[in-house]
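Structure record follows, encoded as structure tokens.
The values are calculated or read from the model by the stated rules, or taken from the named source; none is laboratory data. No experiment lies behind these values; they were computed from the predicted model shown. Reconstructed Cβ throughout: ideal geometry from the backbone, glycine too, with neighbour counts over all protein chains shown. Note: areas computed on protein heavy atoms with side chains; ligands, DNA, RNA excluded. Shrake-Rupley method; radii C 1.70, N 1.55, O 1.52, S 1.80 Å.
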Amino acid sequence: MTLSPNGAGLRASECGLVSMLSAKQLSYASALFIVASSLLIKAVYVFSLQDSWLSVLVAILISLLVIGVYGMLGRRHPGMCPVKLSEAVFGRVVGKVVAAMYIFFFLSLAILNLEDAGSFVTVSILPRTPVTIVYVMVIVVCAMAVSKGHKMCMYSTMMVILVAFIFVLNMLLLFNKMELENFLPVLTQPPKNYFLAIFGLLMLPLCEIFVFMIFAPDMKKPEIIGSALKGGIFIGGFLLFIIVVRDIAALDGYLQYTNNPTFSSIRLIEIGDFLTRLEILYASILITTFTFKISVCFYAAIVGLARLFRIENYHIFIGIFGVLIVVATRGVFESTFEHNEWKRSAPIYSTLFLIILPIIMLLVSYLRFGKYPQKRQAASGGENAGTDGGNDDSADYNPNRAPGET
Amino acid sequence: MTIKGKARRFLAAALALVMILLLSGCFDRRELDTIAIVVGAGLDKGREEGNVRVTLQIANIGSSEQSDPQTALNEASSFVNVTEEGPAVNYAVRNMQSKVSRLIYLAHNKVIVIGEEMAKTGINNVLDFFVRASEARLTVNLLVAEGKAGEILSTSAHLEQLPGTEIQELIRDQEITSTAPIITELDFIGTMIEKSVEAFAPLIKIVEENGEKHLKISGTAVFKDSKMVGKFDEYETQGMLHVQDRFQRGVLFVRIQDTPATIEILDAKTQLRPEVFTDGTIMMHMKLNVTAGLGDQGEGVNLFTPENMEMVKNAVSDAIKDQIARAIEKAKEYDADIFGFGKKLSRYYPEQWKEMAEQWDNLFRSVQYDVEVNVVTKLSGRTTTYIKPQ
């Protein structure tokens with residue numbers, strides 16, 4: 001939606017409709033989010049080997065269904081972030097508990113991703129640098145991004161295009177090392193392996209973009225957050241597909257042994273004597289996208305907390321939570337082995353927040369509010385959602401929109 | 001607002017500067033004069049049972065920088081070889097550090113040479129380090145030495161400054177001779193870890209000519225699992241490279257109606273298609289498309305005529321078929337499926353392969369094959385007939 005015709009109804013402050021997120025911006029931001037974790041995926045190769053590209057396609061299809069659930073939630077309760085959503089759906093007490101669980105989830109995502117980025121840097125690039133220094137550097141940048149609020153998502157389009165360009169370039173440069181035969185034979189693993197591979201992909205890179213629901217109040221058209229996220233799945237999934245196809249074609253049997261298949265395949269690039277050592281490109285993309293991902297999770301955690309306690313200004317949390325994340329990341333895993341162990345159970349942990357709770361929310365929302373929750377909520381009058389000040393101006397262009405926040 | 005804006009900008013700039021200082025990776029900063037750049041690694045069997053003897057060739061940067069042709073002869077050598085024995089490669093390399101003043105730096109390593117004795121006892125344990133080390137690359141060339149790897153690395157180079165570089169250049173020359181396979185560490189490990197294909201590596205040896213020692217790359221070391229089981233000579237190697245579709249360019253010597261001639265193979269492409277018959281017979285169909293040219297010819301009939309070119313084509317086709325037959329027969333002797341026949345089967349017959357996999361060692365010996373060679377001749381050279389005194 002462009003500027004609403006009754007612009008007079010807009011807020012005078014800088015948080016007006018103009019600087020709000022468009023669906024496209026959210027799509028690209030979530031695509032970048034997916035790309036970050038795609039660069040480190042390993043489990044899918046362990047389980048489905050040369051059929052990983054099939055797992056990616058199926059996972060994308062299934063994730064579209066899951067995103068459909070988020071989309072329905074977004075349509076039924078437009079402009080509500082997960083915190084407000086759980087309060088609106090489950091009522092005050094249970095809702096607050098669920099919201100707190102979500103905040104913890106976002107915080108844990110920030111911590112785990114920081115761990116990922118840190119261990120990549122120390123294992124592959126700077127083996128003797130204390131990992132805390134890496135954490136602090138990343139968190140300082142993230143804190144700067146978080147202080148900008150939802151604006152941090154606005155420029156991800158450029159980054160996605162850059163990343164896509166580098167991937168395609170990598171693929172072209174690796175062409176002499178790729179063999180189509182590496183994709184054979186097709187579908188020879190036991191079905192359980194495919195299930196685990198698809199499940200892992202679904203939970204780790206793809207459905208994690210649920211975090212972007214935190215930006216629902218900041219969208220120009222919050223009702224279409226579902227389709228915005230689907231756009232993200234398409235772009236991010238396509239890039240993920242490119243990565244997986246390239247790795248399979250280039251690495252063949254070594255795929256199962258390497259810790260980081262994407263990094264290994266880029267290390268293979270050798271055009272003549274001069275075009276070598278391109279992994280620095282990969283490393284910089286990885287660190288950039290991970291910084292973005294951590295920023296989003298960080299933002300989601302502290303903004304969620306601020307909304308839970310109805311604190312207007314979330315900025316007070318930035319410093320304290322930045323320190324908290326660094327300290328927690330230091331202590332979360334004792335070694336790489338523990339981290340690898342965790343990666344097996346991580347999808348199950350995420351399932352609760354990314355699939356089970358959203359579906360329960362949708363069901364409860366249907367049971368409590370029927371087909372048109374907006375009307376029921378408006379009638380029940382601020383009991384659930386409208387407590388922290390209505391959004392009168394936006395009601396001008398969307399009379400059905402539930403009172404939320406900007 | 002403006003002051004606040006300025007202050008913020010100043011803060012941001014200060015922060016950026018601090019980050020520049022910190023982000024350069026201060027803990028892993030390595031300057032050129034503090035690292036010992038390894039250009040070659042040799043692995044030999046140690047004196048004690050189960051030990052490995054590691055030789056690292058370190059480039060002496062200082063001496064090669066000021067290599068004036070006149071003083072070069074009297075100067076210190078452009079490389080230093082350091083040897084250390086230990087129960088494991090990483091252990092030995094770390095112990096070696098006490099003999100080397102600079103930090104051993106593996107990222108520029110060009111070749112890994114494995115001594116024959118070492119190769120025969122199995123090399124998966126010693127290669128682990130080169131796969132695991134964060135700075136080592138998998139695109140390093142891997143060779144097997146006839147004799148000791150340490151001796152190969154200490155044979156002084158003739159045209160290059162460092163033996164490590166010389167070996168790498170010699171391997172690169174195989175692109176136009178195809179008498180030894182060009183193998184990177186990744187190729188080797190990829191074939192070693194799989195059951196359906198066996199590993200192989202080029203052979204390097206020292207030859208003495210006119211009192212001077214030269215390095216020569218020729219032939220193939222054939223591995224079974226991680227142990228070297230045999231060797232292929234150049235002729236068999238060419239056949240092996242044809243089956244694997246790794247043949248790039250090379251020469252063949254043939255006699256056609258008593259006319260000696262060198263035939264240049266300019267290009268060779270092989271399509272390998274497996275077929276499993278209902279009675280369990282495994283058949284490998286090979287179809288080669290070869291582009292050949294006349295390299296030179298001696299006295300006899302002029303081969304550069306349309307009719308005689310047909311004879312050249314037949315001679316090339318026969319020679320290649322013979323090379324392939326010799327290679328496959330010898331591989332069957334060693335029980336080593338270096339051609340990846342098993343891998344082809346696992347890809348095209350995944351169901352049957354599951355049963356075959358366990359007894360593949362036996363089945364490999366019974367694999368049948370047929371070869372079809374399609375030769376295209378290309379004009380090469382500037383003459384149309386041979387030189388003969390009238």
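Looking for something over 18 Å from the mean Cα position of the chain (by Cα), at positive phi, more than 10 Å from every other protein chain (Cβ to nearest Cβ) and open to solvent by 10 Å² or more (accessible area, probe 1.4 Å) - is there at least one such residue anywhere in segment A:264-274? If you could, list the steps in order and put the result at the bottom.
First, the residues of segment A:264-274 that are over 18 Å from the mean Cα position of the chain (by Cα): A:264-274.
Applying the additional criterion that residues be at positive phi yields A:272.
With more than 10 Å from every other protein chain (Cβ to nearest Cβ) added as a condition, the list becomes A:272.
Keeping just the survivors that are open to solvent by 10 Å² or more (accessible area, probe 1.4 Å) gives A:272.
Yes, segment A:264-274 has at least one match.
Does B:ILE176 satisfy the condition of being touching a Lys or Arg at 6+ places or on another chain (Cβ under 6 Å), of a type in the set (A, V, I, L, M), farther than 28 Å from A:ALA250 by Cα and surrounded by fewer than 18 Cβ atoms within 10 Å (Cβ to Cβ)? Working first, answer last.
On the way: touching a Lys or Arg at 6+ places or on another chain (Cβ under 6 Å): yes; of a type in the set (A, V, I, L, M): yes; farther than 28 Å from A:ALA250 by Cα: no; surrounded by fewer than 18 Cβ atoms within 10 Å (Cβ to Cβ): yes.
The answer is no for B:ILE176.
Looking at B:LEU294, B:LEU266, can you tell me which residue is open to solvent by less than 40 Å² (accessible area, probe 1.4 Å) and either farther than 30 Å from B:LYS388 by Cα or away from chain A (no Cβ under 14 Å) (or both)? Explain how you work it out, then say what you get.
Details: B:LEU266 fails: open to solvent by less than 40 Å² (accessible area, probe 1.4 Å).
Among B:LEU294, B:LEU266, only B:LEU294 is open to solvent by less than 40 Å² (accessible area, probe 1.4 Å) and either farther than 30 Å from B:LYS388 by Cα or away from chain A (no Cβ under 14 Å) (or both).
Quick grid of which residues meet (1) in a helix (DSSP H, G or I); (2) farther than 14 Å from A:LEU57 by Cα; (3) open to solvent by 30 Å² or more (accessible area, probe 1.4 Å); (4) of a type in the set (S, T, N, Q):
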{"site": "A:MET171", "(1), (2), (3), (4)": "yes, yes, yes, no"}
{"site": "A:GLY200", "(1), (2), (3), (4)": "yes, no, no, no"}
{"site": "A:ILE209", "(1), (2), (3), (4)": "yes, yes, no, no"}
{"site": "A:PHE215", "(1), (2), (3), (4)": "yes, yes, no, no"}
{"site": "A:GLU223", "(1), (2), (3), (4)": "yes, yes, yes, no"}
{"site": "A:ILE235", "(1), (2), (3), (4)": "yes, no, yes, no"}
{"site": "A:PHE238", "(1), (2), (3), (4)": "yes, no, yes, no"}
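Against the definition (over 28 Å from B:ALA13 (Cβ atoms) and within 14 Å of chain B (Cβ to nearest Cβ)), how does A:PRO127 come out, yes or no?
Working: over 28 Å from B:ALA13 (Cβ atoms): yes; within 14 Å of chain B (Cβ to nearest Cβ): yes.
Yes, satisfied.
B:GLU275: in a strand (DSSP E or B), open to solvent by 10 Å² or more (accessible area, probe 1.4 Å), over 19 Å from B:LYS388 (Cβ atoms) and without any contact (Cβ under 8 Å) to a residue 24 or more places away in the chain, yes or no?
Numbers: in a strand (DSSP E or B): yes; open to solvent by 10 Å² or more (accessible area, probe 1.4 Å): yes; over 19 Å from B:LYS388 (Cβ atoms): yes; without any contact (Cβ under 8 Å) to a residue 24 or more places away in the chain: yes.
In short, yes.
Out of B:GLU160, B:GLU135, which single residue is surrounded by fewer than 17 Cβ atoms within 10 Å (Cβ to Cβ), in contact with a helix residue (DSSP H, G or I) (Cβ under 6 Å, 6 or more places away or on another chain) and assigned by TED's automatic domain parsing to the domain that holds B:ILE217? Break it down stepwise before answering.
On the way: B:GLU135 fails: in contact with a helix residue (DSSP H, G or I) (Cβ under 6 Å, 6 or more places away or on another chain).
One residue alone meets the criteria, B:GLU160.
Would you list the helices (runs of 4 or more DSSP H) that sit entirely within segment B:87-146 and hold 1 or more residues that are within 14 Å of chain A (Cβ to nearest Cβ) and in contact (Cβ under 8 Å) with a residue 24 or more places away in the chain? Break it down into steps so the answer makes sense when it comes.
Working: elements: B:89-96, B:116-121, B:124-132.
The helices (runs of 4 or more DSSP H) meeting that bar are B:89-96, B:124-132.
Would you mind listing the helices (runs of 4 or more DSSP H) fully within segment B:147-219 where at least 3 residues are within 13 Å of chain A (Cβ to nearest Cβ)?
Numbers: elements: B:149-154, B:163-177, B:185-192.
By residue number, B:163-177, B:185-192.
Would you tally the residues in segment B:238-255 being within 21 Å of B:ARG382 (Cα to Cα) and either surrounded by fewer than 21 Cβ atoms within 10 Å (Cβ to Cβ) or not assigned by TED's automatic domain parsing to the domain that holds B:MET311 (or both)? Full working, then the answer.
So the first thing to find is which residues in segment B:238-255 are within 21 Å of B:ARG382 (Cα to Cα), and the list is B:249-254.
Keeping just the survivors that are either surrounded by fewer than 21 Cβ atoms within 10 Å (Cβ to Cβ) or not assigned by TED's automatic domain parsing to the domain that holds B:MET311 (or both) gives B:249, B:251-254.
Selection size over segment B:238-255: 5.
Here is a yes/no grid of residues against (1) more than 21 Å from A:SER19 (Cβ to Cβ); (2) within 13 Å of another protein chain (Cβ to nearest Cβ):
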{"residue": "A:VAL131", "(1), (2)": "yes, yes"}
{"residue": "A:TYR135", "(1), (2)": "yes, yes"}
{"residue": "A:VAL141", "(1), (2)": "yes, yes"}
{"residue": "A:LYS148", "(1), (2)": "no, yes"}
{"residue": "A:MET152", "(1), (2)": "no, no"}
{"residue": "A:MET159", "(1), (2)": "no, no"}
{"residue": "A:ILE166", "(1), (2)": "yes, no"}
{"residue": "A:ASN170", "(1), (2)": "yes, no"}
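Taking only pairs six or more apart or across chains, which ones have beta-carbon atoms under 6 Å, a first residue in segment B:308-337 that is in the same structural domain as B:GLY293 (by TED's automatic domain parsing) and surrounded by fewer than 17 Cβ atoms within 10 Å (Cβ to Cβ), and a second residue that is assigned to a helix (DSSP H, G or I) and not basic (Lys, Arg)?
B:ASP335/B:ASP361
Okay, residues lined up against (1) within 27 Å of A:ILE235 (Cβ to Cβ); (2) assigned to a helix (DSSP H, G or I):
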{"site": "A:LEU57", "(1), (2)": "yes, yes"}
{"site": "A:GLY95", "(1), (2)": "no, yes"}
{"site": "A:ALA99", "(1), (2)": "no, yes"}
{"site": "A:THR122", "(1), (2)": "no, yes"}
{"site": "A:ARG128", "(1), (2)": "no, no"}
{"site": "A:ILE133", "(1), (2)": "no, yes"}
{"site": "A:VAL146", "(1), (2)": "yes, yes"}
{"site": "A:HIS150", "(1), (2)": "yes, yes"}
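For segment A:247-263, give me each residue that is hydroxyl-bearing (Ser, Thr, Tyr) and at the interface with another protein chain (Cβ under 8 Å from one of its Cβ atoms). Reasoning before the result, please.
Taking segment A:247-263 and keeping what is hydroxyl-bearing (Ser, Thr, Tyr), we get A:254, A:257-258, A:262.
A:TYR254, A:TYR257, listed by residue number.
Does A:SER86 satisfy the condition of being within 14 Å of another protein chain (Cβ to nearest Cβ) and either part of a helix (DSSP H, G or I) or of a type in the set (A, V, I, L, M) (or both)?
Considered against the rule, which asks whether it is within 14 Å of another protein chain (Cβ to nearest Cβ) and either part of a helix (DSSP H, G or I) or of a type in the set (A, V, I, L, M) (or both), A:SER86 comes out as no.
Is it fair to say A:ARG330 is at pLDDT 80 or above and open to solvent by 60 Å² or more (accessible area, probe 1.4 Å)? Break it down stepwise before answering.
Working: at pLDDT 80 or above: yes; open to solvent by 60 Å² or more (accessible area, probe 1.4 Å): yes.
Yes; evaluated as a whole, the condition is true for this residue.
Identify, please: which residue in segment B:201-211 is hydrophobic (A, V, I, L, M, F, W, C) and open to solvent by 10 Å² or more (accessible area, probe 1.4 Å) and is, among those, nearest to B:GLU151 (Cα to Cα)? Quick ask: steps written out before the conclusion?
Going residue by residue through segment B:201-211, those that are hydrophobic (A, V, I, L, M, F, W, C) are B:201, B:203-204, B:206-207.
Filter once more, so that each one left must be open to solvent by 10 Å² or more (accessible area, probe 1.4 Å): B:206-207.
Working: B:ILE206: 8, B:VAL207: 12 Å.
The residue in question is B:ILE206.
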